[in-house]
Structures are given as C-alpha cells and as structure tokens.
1. Provide the per-residue ³J(HN,Hα) series for the stretch 186-197, in order, calculated from phi with Karplus coefficients 6.51, -1.76, 1.60 and θ = phi - 60°, each as a whole number of Hz, with x at glycine and proline positions.
2. Quick check on my link table: of K38/K178; K106/K172; K106/K178; K157/K178; K106/K138, which ones sit more than 22 Å apart, alpha carbon to alpha carbon?
3. Spelling out what I want: for every residue of the stretch 118-132, take phi, set θ = phi - 60°, compute 6.51 cos²θ - 1.76 cosθ + 1.60 (Karplus), and round to whole Hz; glycine and proline get x.
4. What distance in nm separates the two pseudo spin-label positions at V153 and Q52, each 7 Å out from Cα along the beta-carbon direction?
5. For the ranges 184-195, 11-22, what's the packing order if you count other beta-carbon atoms within 10 Å of each residue, average per peptide, and put the highest first?
6. Convert each backbone phi in the stretch 14-25 into a coupling constant with the Karplus relation 6.51 cos²θ - 1.76 cosθ + 1.60 (shift: θ = phi - 60°), then list the ³J(HN,Hα) values in order as whole Hz, x for Gly and Pro.
7. Okay, helix-only estimate at 222 nm for the chain: each DSSP H run of n ≥ 4 adds -39500 (n - 2.57), divide by all residues, round to 500 deg cm²/dmol; what do you get?
8. How would S168, S43, S34 line up from fewest to most surrounding beta-carbon atoms within 10 angstrom?
Amino acid sequence: MSETEFLIGRSGLNLQDDFYPDDMPEEWRFDYYSTLFKTLSLSIDTDEDLDQIFEEIEDTEEEFELVLSIEQAQLTDTQQLATLLSEVADYQQYFTLFCELDQAPKPEVMALLKGYRICFQSTKALTLDLTAAVVVGKHLSFNQYPVLYSSEVWDEKQMRAYLEEASSVNTKTLLICKFAESEALNKVRIIAELLGF
C-alpha cells in the first residue's frame with residue numbers, strides 16, 4: 001500500500017455548481033468548503049479574507065492545507081514579494097507558498113522565502129536545495145509537501161492515472177484541480193480512496 005495521502009481541493013472558493021446553500025452568507029464559504037475538501041489554493045493577493053481563513057484553520061482540529069499561489073512575476077520582484085509576504089508572515093505555519101516557474105528563483109528570493117513552506121512546479125528540472133520529484137511531466141521542488149496543480153479537466157480514467165503516478169512521491173500530497181467543481185473533486189477523492197490513498 002502506498003504511503004501517499006492526497007489532500008484534494010481547488011483554486012478559489014467560487015464554485016459554480018450548487019455546492020453552497022443558496023442562503024449561505026459569503027463569509028461562511030470557507031468554513032463550509034473545508035468540511036468536505038482538505039486543501040484550497042488562493043492567490044497570495046486574494047480578495048478573500050485571509051485573516052478569517054487563518055483563524056478558522058487555527059481553530060479547527062481537522063487537517064487542512066492552504067496553498068497561497070504567487071505568480072512568477074511577483075516572485076522575481078523582491079520588493080513586491082517582501083510586501084506580499086509581510087501581509088501573511090504571522091501565519092506562515094498555516095500555508096504553503098506555490099509558484100509555477102520556468103527558471104529557478106534567484107538567491108535573494110530564496111532568502112526571502114526562508115522559513116516558509118514552499119513548492120515550485122516547472123516543466124523542467126530546477127537546481128534548488130529542495131526535495132525534487134517528477135509527476136506527470138511536472139518537476140516539483142518542495143521543502144514540506146508537494147503541490148500538484150493542474151488546470152486540466154479530467155475524465156475518471158485520467159483521474160485514476162494521475163493519482164497512481166502521483167502516488168510514487170510517497171508523502172502527503174496536495175492536489176489542486178484548478179477549475180474543478182464539487183462533483184469532479186468528489187470523484188477524485190472517491191477514486192483516491194478506492195485506490196487506497
């Protein structure tokens with residue numbers, strides 16, 4: 001049996017299907033979402049109330065991993081990055097920073113990220129002092145948990161193949177299906193459970 005544990009979620013709380021009850025206040029969406037899904041990706045400069053989300057993560061005993069994504073342009077501008085990080089620095093134990101890149105960050109950027117949980121995803125190998133893995137053609141560089149981020153819409157056969165290949169990492173893995181609605185996320189979760197992950 002694989003040692004992999006998948007935490008499955010999506011990018012953003014704006015599910016378009018009938019996931020949220022019609023009369024539910026918008027500020028309750030994260031609490032409702034986190035009862036069913038165990039990871040969520042938000043941009044680091046999101047309009048969501050991050051303070052409220054961090055407080056809810058802090059107050060729960062349930063396992064939940066928040067991923068704050070950074071654009072490559074934000075990552076290469078050290079002044080902008082320092083400003084973005086200053087807004088979330090007090091909560092760094094509650095999230096993983098994630099960025100899709102095509103080249104390794106500069107040393108001064110890596111110095112700014114010291115003490116944060118990070119994961120980079122690239123189409124080519126990056127030379128960094130981080131754990132490396134290759135899954136479905138993506139090179140992951142991480143210091144805690146790998147984050148697999150996909151904007152593809154999969155059918156059930158593709159979901160199974162993706163999970164089976166990703167299980168080779170043999171660790172807790174955060175799987176972000178960017179545009180997935182709740183039905184697709186539930187299917188991924190069920191397939192992962194049936195496969196023993």
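1. So the J values, rounded to whole Hz, are 5, 5, 4, 4, 5, 4, 4, 5, 5, 7, x, 9.
2. K106/K172; K106/K178
3. 9, 8, 10, 10, 8, 7, 9, 5, 10, 8, 9, 7, 9, 5, 10
4. Modelled inter-label distance: 3.0 nm.
5. Order by mean packing, descending: 184-195, 11-22.
6. For the stretch 14-25, the Karplus-derived couplings read 8, 5, 8, 7, 8, 5, 8, x, 4, 9, 7, x Hz, x marking Gly and Pro.
7. Calculated mean residue ellipticity at 222 nm is -9000 deg cm²/dmol.
8. Lowest to highest Cβ neighbour count: S168, S43, S34.
Bear in mind these aren't lab numbers, they're just calculated from the coordinates by the rules spelled out. Note that the structure is predicted; figures quoted are calculated from it, not measured. With ideal geometry, Cβ positions are generated from the backbone for all residues, glycine too; neighbour counts draw on all protein chains shown.
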